[in-house]
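Since the structure comes first, as structure tokens, the remarks are kept for the end.
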Ligand code: C2E
Ligand code: CA
Ligand code: CA
């Protein structure tokens, strides 16, 4: 009897089976009753043989109709429990009525009819047990309500046949009850096992759709939600927006404070983002420091911008990294809208991502809505990508060289090599354009190796005392195969590694710091030097210079271009120059175009200068002529002629 009878799920399962069996029970009971009434019709009073059976028939028809129309969908677990209790009560009353009625017929019949009453009661017990198997208490109650009066009544008759029947029925009932209880227990176990399996699979489903760290929905769930939202919007004609959110300074925190702090920060970010998520504002973590949002039923630019501003405000407020450190993270957001800027989930996702990418490049910390201009840009990019894929890189790529001048002595200690692409289809394409596209299209490693071959050839021809810079993309540094090939090419070239300076950007370090550090160490060990390029253009930290023992920093052109009108730029440049001197790091200032800028920089302590003022990037063949023009101007000094 220790079955979980108050379990709502079990009650529901019981009711499901009973709803099919109870009508059958009513039909059996009534048919049995009609048969019994028929055998007594001539002997018993009409009340017992006509009125009562008619009432049974009416009742039976009513209940069969009820159960036929009964729908389980509107009944919950608690409702099912109430139903079961009602069934027990109804069954008990009916049991008493039927038993009383059949025993009341007994005195009116002959011996056959007496046997019929006994048979009727036995068959009723068996039918009840079978039809109510899933409702143990009702079956037992009914069995006893019929069986006890039946046994007592027939024992009193002292008729041997009837007493034998009682004994038989008692044994059969006992057997049936045992079987019923076993079935009943198996049924309950099955229901509980099914429920547990369902819960487990629900839990698995939930986990498979949830980001473990932040508790937000994950990328898979986001894509499914995007598909659903799109399908619903296509049907109803609604508008919606898809946003890609990228944290601006997360990687810096991760690198400086460790992955543990990074994880805790992501948890806090997840908790903040969850506060603005809702039925029509879906927010998920897509991976790393990227999040996605779906704004349902949102068409207006103002509403999108307002939501973006709320999001940014949340992420702009400082986060506690530990007891003493706070960090402001900030984010960039790219948005695409349905139906205006994309018709498929892939289009919308890609366009929001492109808007984000564009924001990251040109408008960090802003909300960028995918626009017609970006659409044109995508088209141009894919044209360039196609041309790059079809290009004969050995023939079409070449290197330009821009001198780096010591402005205090006019010596030329080095050059920077800069990629140039002359496409037969598109003409000259600037590296500022094709390098990012090559990175995006994963063509950059191949391109770098082609350029490095040309670079090694050129270094042999440039004056022997010069150090020549080669630009590495972030993608190169995180490709072991490419970096191994570069080292192999350098070793086999006969060029002294001391003449090779690799320029890397902070982005390369942020991508995979450990791998970058490892590569830098190998390059250092070979004797090459490493420069941190574009210093000051993004999030810049001298910490890297120190930690990675970098040899050179190149102060970004953006500092120089407004140096004359800025109060802070000269101060920053001066302190950078001082810091570099203390750390014994070489400092090159890039992008110097005017004598006035040069004069100001010299007064701040600058020494090594690269810029149009001295020379624009030139073909290798033009370098000798450039040296000669300087000599004509009586500028110094070195045996500056091309070698070989
Ligand atoms: P970068 O490495 O910062 O290169 C310096 C850029 O500034 C060059 O542009 C150069 O021509 C330009 N520049 C130098 N002095 C001045 C000046 O006084 N005024 C102005 N307005 N600009 C000046 P370029 O050659 O167009 O290259 C652009 C960017 O493309 C490079 O920036 C670098 O990030 C990338 N790049 C160029 N060559 C390569 C390469 O071989 N590999 C990789 N991975 N990237 C490259
Ligand atoms: Ca560079
Ligand atoms: Ca630079």
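Looking at 93, 27, just one residue is farther than 18 Å from residue 137 by Cα and part of a helix (DSSP H, G or I), and that residue is 27. Picking from residues in the stretch 428-437 that are modelled with pLDDT of 95 or more and away from ligand 2 (no atom under 16 Å from the Cβ), the one that is nearest to the chain's Cα centre (by Cα) is 429.
Only one of the listed residues (23, 53) is within 30 Å of residue 192 (Cβ to Cβ), touching a helix residue (DSSP H, G or I) at 6+ places or on another chain (Cβ under 8 Å), surrounded by 15 or more Cβ atoms within 10 Å (Cβ to Cβ) and free of Cβ contacts under 8 Å to residues at least 60 places away in the same chain. That residue is 23. Does residue 415 count as under 21 Å from residue 533 (Cα atoms), assigned by TED's automatic domain parsing to the domain that holds residue 397, modelled with pLDDT of 95 or more and not in a helix (DSSP H, G or I)? So residue 415 fits the description; yes. Just one residue in the set 490, 510 is within 33 Å of the chain's Cα centre (by Cα), under 25 Å from residue 452 (Cβ atoms) and within 16 Å of ligand 1 (Cβ to nearest atom); that residue is 510. For the stretch 571-613, what are the residues that are in a loop (DSSP other than H, G, I, E, B) and either within 16 Å of ligand 3 (Cβ to nearest atom) or outside the structural domain of residue 629 (by TED's automatic domain parsing) (or both)? Of everything in the stretch 571-613, those that are in a loop (DSSP other than H, G, I, E, B) and either within 16 Å of ligand 3 (Cβ to nearest atom) or outside the structural domain of residue 629 (by TED's automatic domain parsing) (or both) turn out to be 585, 591, 592, 593, 606, 611, 612, 613.
Within the stretch 556-570, being away from ligand 2 (no atom under 13 Å from the Cβ) and not in a helix (DSSP H, G or I) holds for 562, 563, 564, 565, 566, 567. Would you pick out the residues in the stretch 418-429 that are on the phi < 0 side of the Ramachandran plot, more than 8 Å from ligand 1 (Cβ to nearest atom) and assigned to a strand (DSSP E or B)? Passing the criteria: 421, 422, 423, 428, 429.
Here residue 273 does not fit the description of being assigned to a helix (DSSP H, G or I), in contact with a helix residue (DSSP H, G or I) (Cβ under 6 Å, 6 or more places away or on another chain) and closer than 24 Å to residue 204 by Cα. Residues in the stretch 442-465 that are surrounded by fewer than 22 Cβ atoms within 10 Å (Cβ to Cβ) and part of a loop (DSSP other than H, G, I, E, B) were compared, and the one that is farthest from ligand 3 (Cβ to nearest atom) is 464.
Taking the criterion of being closer than 19 Å to residue 223 by Cα and part of a loop (DSSP other than H, G, I, E, B), the residues of the stretch 318-359 that qualify are 339, 341, 342, 343, 344. Listed here are the helices (runs of 4 or more DSSP H) enclosed by the stretch 503-555 that have at least 3 residues being within 16 Å of ligand 3 (Cβ to nearest atom) and within 18 Å of residue 253 (Cβ to Cβ): 506-511.
Residue-wise test of (1) over 30 Å from residue 541 (Cβ atoms); (2) in contact (Cβ under 8 Å) with a residue 60 or more places away in the chain; (3) part of a strand (DSSP E or B).
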| residue | (1), (2), (3) |
| --- | --- |
| 225 | yes, yes, no |
| 242 | yes, yes, yes |
| 255 | no, yes, no |
| 263 | no, no, no |
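When the stretch 152-174 is filtered for residues that are surrounded by fewer than 18 Cβ atoms within 10 Å (Cβ to Cβ) and under 21 Å from residue 91 (Cβ atoms), the ones remaining, listed by number, are 152, 170, 172, 174.
One line per residue, one yes/no per condition, for (1) within 19 Å of residue 612 (Cα to Cα); (2) away from ligand 2 (no atom under 14 Å from the Cβ); (3) touching a helix residue (DSSP H, G or I) at 6+ places or on another chain (Cβ under 9 Å):
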residue: 378; (1), (2), (3): no, yes, yes
residue: 381; (1), (2), (3): no, yes, yes
residue: 384; (1), (2), (3): no, yes, yes
residue: 389; (1), (2), (3): no, yes, no
residue: 393; (1), (2), (3): no, yes, yes
residue: 419; (1), (2), (3): yes, no, yes
residue: 425; (1), (2), (3): no, yes, yes
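In the stretch 469-482, of all residues being in contact (Cβ under 8 Å) with a residue 40 or more places away in the chain and touching a helix residue (DSSP H, G or I) at 6+ places or on another chain (Cβ under 6 Å), the one that is farthest from ligand 2 (Cβ to nearest atom) corresponds to 477. Please work out if residue 491 is at pLDDT below 95 and surrounded by fewer than 19 Cβ atoms within 10 Å (Cβ to Cβ). Criteria not met by residue 491. Under the condition of being within 16 Å of ligand 1 (Cβ to nearest atom) and either surrounded by fewer than 18 Cβ atoms within 10 Å (Cβ to Cβ) or under 42 Å from the mean Cα position of the chain (by Cα) (or both), the residues counted in the stretch 552-596 number 17.
The values are calculated or read from the model by the stated rules, or taken from the named source; none is laboratory data. Not measured: the values here are computed from a predicted model. Positions of Cβ are generated from backbone atoms using ideal geometry, with glycine treated the same way; all protein chains shown enter the neighbour counts.
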